1. Take the residues in the stretch 165-207 that are touching a Lys or Arg at 6+ places or on another chain (Cβ under 7 Å) and surrounded by 15 or more Cβ atoms within 10 Å (Cβ to Cβ), then tell me which one is nearest to D223 (Cα to Cα).
2. Check the stretch 137-154 and report whether any residue there is among the small types (G, A, S) and at positive phi.
3. I need a count of the residues in the stretch 97-132 that are in a helix (DSSP H, G or I) and in contact with a Ser or Thr (Cβ under 9 Å, 6 or more places away or on another chain).
4. As an exercise: evaluate S79 against (1) within 18 Å of R51 (Cα to Cα); (2) touching a helix residue (DSSP H, G or I) at 6+ places or on another chain (Cβ under 8 Å) and give the number of the one condition it does not meet.
5. Please go through (1) within 30 Å of V153 (Cα to Cα); (2) open to solvent by 80 Å² or more (accessible area, probe 1.4 Å) for D225 and return the number of the only condition it doesn't satisfy.
6. How many residues does the stretch 142-164 contain that are open to solvent by 70 Å² or more (accessible area, probe 1.4 Å) and modelled with pLDDT of 85 or more?
7. I'm checking my understanding of the structure. Among residues of the stretch 133-159 that are not in a strand (DSSP E or B) and not acidic (D, E), which one is farthest from A97 (Cα to Cα)?
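The values are calculated or read from the model by the stated rules, or taken from the named source; none is laboratory data. Computed from a predicted model, the values in this text were never measured in an experiment. Backbone-built Cβ (ideal geometry, glycine too); neighbour counts: all protein chains shown. When the accessible area is computed, the model is the full protein with side chains, heavy atoms only, and any ligands, DNA or RNA have been set aside. Shrake-Rupley method; radii C 1.70, N 1.55, O 1.52, S 1.80 Å.
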Amino acid sequence: MDPMITILLIAVLAIIVLSVFFSFFPVMLWISAIASGVRVGIITLVAMRLRRVTPSRIVNPLIKATKAGLGLNINQLESHFLAGGNVDRVVNALIAAQRANIPLEFERAAAIDLAGRDVLQAVQMSVNPRVIETPIVSAVAKDGIEVKVRARVTVRANIDRLVGGAGEETIIARVGEGIVSTNGSSNSHKDVLENPDLISRTVLSKGLDAGTAFEILSIDIADVDVGKNIGAFLQTEQAEADKRIAQAKAEERRAMAVAQEQEMKARVVEMRARVVESESQVPLAMSEALRSGKIGVMDYMNLKNIEADTQMRNTLGKPAEGSNSSDQGDSKNGR
C-alpha cells in the first residue's frame, strides 16, 4: 500500500477519535472552569453527557454565579435544567437581584422560572417600574353624558407574589372597573373633567393590586374626552318604543272597530232576512184564513183596494225626478 494513503488514513482516524473524545470529554470547558475557580471534575462533565445535559449550559452559568459570589453548586443548576428551566436566565436574575439589593433565593427564582414567568424581567421591573397603558374606558355619568378615559398605570413587580399572582390583564381590568364606577357615581361629567385626579384617588384607594404579581405605584389619567349623550339617546329610543306601542294599540282598536262594524252589517242583513221571511208568511196566512172562512172574498178585495190606494197615495206624494229644477225654471220664466 502506498505510504501516503496510509498516512491519510491514520490522520482521518485520528481526527475521528479526537472528535469523539472531545465530544464526550469537554476538556476546553473543564479548563475554562478550572481557570475561573470553579471546581468541577472531568468525570462530572462526562456524566452530564450521559444524562443528556449540555455541559456548557451548566458550567457557563456556574462560572458567572461563582464570580458574582452567589454560592451556587452544580447540582442545583443541573436539577433545574433537567426540570425544564432556563439556568442562564435564573442566574442572571439572581445576579441582578444581588446588585439591586433585592432578596431573592435560588429556590424562589427557579420556582418563578418553572411557573412560566420571566424571572429576569421581574427583577428588572422591580428596579425599573413599568408603565401599563389601559385602553379607552367608556363610562356614563349620572347626567347621561359619556366620558372616555385612558389611564397609565405604573407598576412594580412583586417577586413574593409572582408565583400564583394575577398578571397585567387583571390590573387593566380592575383599573377599568374602578374608572367606570367612579364616573358612574359622579353627578355630572363636568366633575370628572374638572378633577380627573378624582379617578386616580378613588381607584388607588380600592387596593387593586391585591392578589396580583404587581404593586401599583400610581395611576395617572392620560386623556379624558366627552363622548355621546347616552341619556338623551336612551330617552329617544324609549320615546320611539312608546310611539310604536301606541301605534300598535291604535291599530288594534281600529281593527276591532272594523270587525265590529262588519259584525253589525252582518246582523242588519240577518234582520232583513228575518223580515223577508216574515213577509213571506203573510200570503200563506191569508190563504189559510180564506180556506178556513175567517175572512171572506170581499174582505180580501177591500184589503187589496186599501193597499192599492195606499200605494197610489205614496206614489203621488213622492216628487218626480227633475221636478224641482223644472218648477224652478217655470217660476223664473213666469217672472
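1. If we take residues in the stretch 165-207 being touching a Lys or Arg at 6+ places or on another chain (Cβ under 7 Å) and surrounded by 15 or more Cβ atoms within 10 Å (Cβ to Cβ), then G178 is nearest to D223 (Cα to Cα).
2. yes
3. Here is the first cut: in the stretch 97-132, the ones in a helix (DSSP H, G or I) are 97-99, 106-114, 119-127.
In the following step, the residues that additionally are in contact with a Ser or Thr (Cβ under 9 Å, 6 or more places away or on another chain) were identified as 97, 110.
Qualifying residue count for the region: 2.
4. (2)
5. (2)
6. Selection size over the stretch 142-164: 3.
7. G144
Results for (1) among the basic types (K, R); (2) not assigned by the TED database to the domain that holds A166, shown as yes or no for each residue.
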| site | (1), (2) |
| --- | --- |
| I221 | no, no |
| V226 | no, no |
| Q238 | no, yes |
| A241 | no, yes |
| R244 | yes, yes |
| Q247 | no, yes |
| A255 | no, yes |
| E263 | no, yes |
| V268 | no, yes |
